[in-house]
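Contents: one structure, followed by commentary.
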Amino acid sequence: MISWQDKAIKLLDDSLSPIPQELNGIDWKCALSDKSEKLAQHLCAFSNTKNGGFIVFGINNDDASFVKLTKDEVEDITKKLGNIAKNNLAWSVQLEHDVIDYKGNALLFIRIPEQTNKPIYLRGKDIYEAYIRSAGHSVKMSHEQVHGLIAQSHGLTFEDRVAKIVNSADDVLNLLDSRLFFEMLRKTMPTEKAIIIKQLEDYGLIVSKGDSYEILNLGAILFARELHDFDSLKGKEIIVRRYEGANNRVLNIDYVCKSGYAVGFEDLMNFISRNTSVERIEVKRIQEPLYPVVAIRELLANMMVHQDFAIRGMILTVEIFSNRITFTNPGSSLNDVNRLIDLPPHSRNEKMAQLMFLLDMCERRGSGIDRATDAIGQMKLPAYKAQSGDDFTRITMFPRKNVKDMTREERIAACYQHACLLYEDGKSINNLSVRERFNINSKQSAMASRILTDTLDCGLIKMENPETSSKRYASYIPFYA
């Protein structure tokens, strides 16, 4: 089992390289300030943040240089922070500490564990004086975030929380598109209102409460005619932006999907497809897609399902540039971005994922990225690029490029993803399969060999049989196999 000290060292490595920056999970300071309330806010924020976090003393805030701490300073820091954690928060928080050698520097690590009974807030103030880590800072939580943490503490997922309480079945049907719901399930819509309501309840979209009805977030986020009818879902619209060139300085089109995701899904797909196609004139005008439709569909559904609804101020965004298309959602990736193809999926919104699968909005859970990767390979496009930050995940696709025009990094990424995909099918890659992936003819097998060698040197693939003497006939599998 990995110790908290090892996790702290890894986080510190990530925060100092390549560009020093404080992360959600770690904050560093050169010395202890005398501002007790500010320190209490930091402890509060880490206590409310998933997996808690660390404050490291002995690093200069300005230039990330190391500062030597005396024994008395270490004792003073641990004593004062311990007292703040015990006396200045709504509930006492137990801290841990250790002095750890980091590249020849003795640093003091303070561990603040995530608390189960959330939100933690400042003692003597109301519950809305709660803080959380966001973009490397301790920030005051919104009322929605506080309510979300309370619901989590009671075991309620986002999907199960109430989006709106209404007084009649007519109100439910005015707010939710029940006709589309039955169409997507391939069922005939009942003529009796009571049966419609019962079906919506059976699928977890609403809850009957005597003379009133609770529309749950699951029902609203998928089937709302207008998302702005639900206060908890404001800011959860999907925006598609198309820019003039390869940067975001000149905006051509700004399309906002203001309805629930299921209601607006096909319109979103059609809009993205129209704006990522080029016109080719033969006997008649033909719109030729730059990206595989199946990949767009899966990545669009993927960002819906895996978003973190607790993050405010960041919306689902599809951005179309002249040389790429990006899909960005709030919430860091729950899997290593280099292992999206093979690792079992982790979904923040499990009920939403399951219902979207039943509605045929996406492939069965876990195979969406596989299908997208396969479609990208079939069109001979460069590999997709996945990025994950403290509060976002972004996946980028690129239009077709001849292998000769690809960078070394692009070839390596495509080779690795090709290996992952075939390994999931119980196969390995070799010179022939790489030539097929990159559309390289048989006379240029040396180019395929070079791509394999570069990917091998990067440690992303390994030989299936290390005892094979001939590289020409060698087969390769992903490094994790």
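The values are calculated or read from the model by the stated rules, or taken from the named source; none is laboratory data. Since we're looking at a predicted model, the values are computed, not measured. So basically every Cβ, Gly included, is an ideal-geometry build from the backbone, and we count neighbours across all protein chains shown. Ligands, DNA and RNA are stripped out before the accessible areas are found, and what is left, the full protein with its side chains, is counted by its heavy atoms. Shrake-Rupley method; radii C 1.70, N 1.55, O 1.52, S 1.80 Å.
Of all residues in the range 254-272, exactly one satisfies the criterion of being closer than 11 Å to GLU319 by Cβ and without any contact (Cβ under 8 Å) to a residue 40 or more places away in the chain, namely ASP254.
Within the range 114-124, identify whether any single residue is surrounded by fewer than 16 Cβ atoms within 10 Å (Cβ to Cβ) and not in a loop (DSSP other than H, G, I, E, B), and answer yes or no. No, the range 114-124 has no match at all. Looking only at residues of the range 417-430 that are in contact with a Ser or Thr (Cβ under 6 Å, 6 or more places away or on another chain) and over 13 Å from ASP374 (Cβ atoms), we find that the one that is surrounded by the fewest Cβ atoms within 10 Å (Cβ to Cβ) is ASN430.
Residues being outside any loop (DSSP other than H, G, I, E, B) and open to solvent by less than 40 Å² (accessible area, probe 1.4 Å): count how many of those fall in the range 431-446.
Total satisfying the criteria: 5.
List the residue pairs whose Cβ atoms are under 8 Å apart, where the first residue sits in the range 467-481 and is within 13 Å of ILE429 (Cβ to Cβ), the second is open to solvent by 80 Å² or more (accessible area, probe 1.4 Å), and the two are 6 or more positions apart or on different chains. Listed pairs, sorted by first residue: ALA474/GLU464; SER475/GLU464; TYR476/GLU464; ILE477/TYR423; ILE477/GLU464; PRO478/TYR423; ALA481/TYR423.
Before we move on, is ILE238 modelled with pLDDT of 95 or more, surrounded by 18 or more Cβ atoms within 10 Å (Cβ to Cβ) and more than 17 Å from ASN349 (Cβ to Cβ)? So ILE238 fails the test.
Identify, from the list LEU12, LEU39, LEU69, LEU32, the residue that is hydrophobic (A, V, I, L, M, F, W, C) and touching a Ser or Thr at 6+ places or on another chain (Cβ under 8 Å). Just a single option satisfies the conditions, and that option is LEU39.
For beta carbons closer than 8 Å, sequence separation of 6+ or different chains, a first residue in the range 51-77 that is hydroxyl-bearing (Ser, Thr, Tyr) and a second that is surrounded by 14 or more Cβ atoms within 10 Å (Cβ to Cβ) and not in a helix (DSSP H, G or I), the qualifying pairs are SER65/ILE59. The residues in the range 120-140 that are at pLDDT below 90 and touching a strand residue (DSSP E or B) at 6+ places or on another chain (Cβ under 6 Å) can be counted, and the count is 1.
Out of the residues in the range 288-323 that are of a type in the set (Gly, Ala, Ser) and open to solvent by 20 Å² or more (accessible area, probe 1.4 Å), state the one that is farthest from the chain's Cα centre (by Cα). That would be SER322.
Applying the criterion of at least 3 residues that are within 19 Å of VAL263 (Cβ to Cβ) and open to solvent by less than 20 Å² (accessible area, probe 1.4 Å) to the helices (runs of 4 or more DSSP H) found wholly in the range 152-232 leaves 178-184, 193-202, 217-223.
With respect to (1) among the acidic types (Asp, Glu); (2) over 28 Å from the mean Cα position of the chain (by Cα); (3) within 21 Å of ILE320 (Cβ to Cβ), the lone exception for GLU436 is condition (3).
Does ASP342 satisfy the condition of being among the acidic types (Asp, Glu) and either over 15 Å from the mean Cα position of the chain (by Cα) or crowded, with 19+ Cβ neighbours inside 10 Å (or both)? Yes; evaluated as a whole, the condition is true for this residue. Name every residue in the range 129-139 that is within 22 Å of the chain's Cα centre (by Cα) and either more than 11 Å from PRO119 (Cβ to Cβ) or assigned to a loop (DSSP other than H, G, I, E, B) (or both), in order of residue number. Within the range 129-139, ARG133, SER134, ALA135, GLY136, HIS137, SER138, VAL139 meet the criteria.
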